[in-house]
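Step one of this worksheet: look at the structure below.
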Amino acid sequence: DTATHWVREDAAIAQAKGIMNGYDDGTFRPSQSLTRVQAISILARVLQLPAPTQSLVFTDVANYASATKQLVQSAYEAGLIQHNGGTFSPAKQITRAQLATMMARAYTYKTNEALTLTPTTFSDIATFHIDTQRAIEFLASVGIVNKQATFNPSGATTRAHAAKMFVRFMDVIER
């Protein structure tokens, strides 16, 4: 289902690197929304996070597979996600702003570098927390997302957008 889709190359790279998988029926489902647990699992695989050293802090991932719980806990211990009262909302669609924030934290974790950014012209991010604005501007500054008039920060992240962003993210942290 990606043969003629704009994400074809990035989906193939993401699958080849083992960070995003297709489905059992052989599809990638590029238009499907990514969940929060899928996003953090991909990011944890990209970073090759170490195994967690503490017990699971999120009560709402208890019914997930052991490997998934470990990825979520490892991401928490690495500072990619916050406690938020003990819930993670794993099945909820991840917004573009949430993914940007996680990726910016992941960049800092991996490189030990402060975010470098140039102001963007995104007209729809001003009402978001300053850290979220900076994360979005950072992604645009390093080419993970395109500089456009709007970012659609509250919009759901599709598997296609995620594949493109994660492949570009890997390029940035490997520079």
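The values are calculated or read from the model by the stated rules, or taken from the named source; none is laboratory data. As the structure is a prediction and not an experimental result, all values here were calculated from the model. Don't worry about glycine lacking a Cβ; one is built from the backbone with ideal geometry, like all the others, and counts go over all protein chains shown. SASA here: full protein model, heavy atoms, side chains in, ligands and nucleic acids out. Shrake-Rupley method; radii C 1.70, N 1.55, O 1.52, S 1.80 Å.
Details
- Any hit, the range 68-75, residues being of a type in the set (Ser, Thr, Tyr) and under 28 Å from residue 15 (Cα atoms): yes
- Pairs meeting the criteria (first residue in the range 112-135 and in contact (Cβ under 8 Å) with a residue 12 or more places away in the chain, second residue loosely packed, with under 13 Cβ neighbours inside 10 Å and not in a helix (DSSP H, G or I), beta carbons under 7 Å, at least 6 apart or on different chains) are 121/149; 122/150; 123/149; 123/150; 124/150.
- Of all residues in the range 12-27, those being under 17 Å from residue 40 (Cα atoms), touching a residue at least 24 places away in the same chain (Cβ under 8 Å) and surrounded by 15 or more Cβ atoms within 10 Å (Cβ to Cβ) number 3.
Quick grid of which residues meet (1) open to solvent by less than 10 Å² (accessible area, probe 1.4 Å); (2) farther than 29 Å from residue 124 by Cβ; (3) in a helix (DSSP H, G or I):
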{"residue": "4", "(1), (2), (3)": "no, yes, no"}
{"residue": "10", "(1), (2), (3)": "no, no, yes"}
{"residue": "42", "(1), (2), (3)": "yes, no, yes"}
{"residue": "98", "(1), (2), (3)": "no, no, yes"}
{"residue": "109", "(1), (2), (3)": "no, no, yes"}
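- Considering the range 14-30, and only residues there that are over 16 Å from the mean Cα position of the chain (by Cα) and not charged (D, E, K, R), the residue that is farthest from residue 163 (Cα to Cα) turns out to be 26.
- Enumeration of residues in the range 114-145 that are open to solvent by 40 Å² or more (accessible area, probe 1.4 Å), modelled with pLDDT of 90 or more and in a loop (DSSP other than H, G, I, E, B): 123, 124, 126, 127, 128, 129
- Matching residues in the range 146-175 - criterion: being open to solvent by 10 Å² or more (accessible area, probe 1.4 Å), of a type in the set (S, T, N, Q) and on the phi < 0 side of the Ramachandran plot: 146, 148, 150, 154, 158
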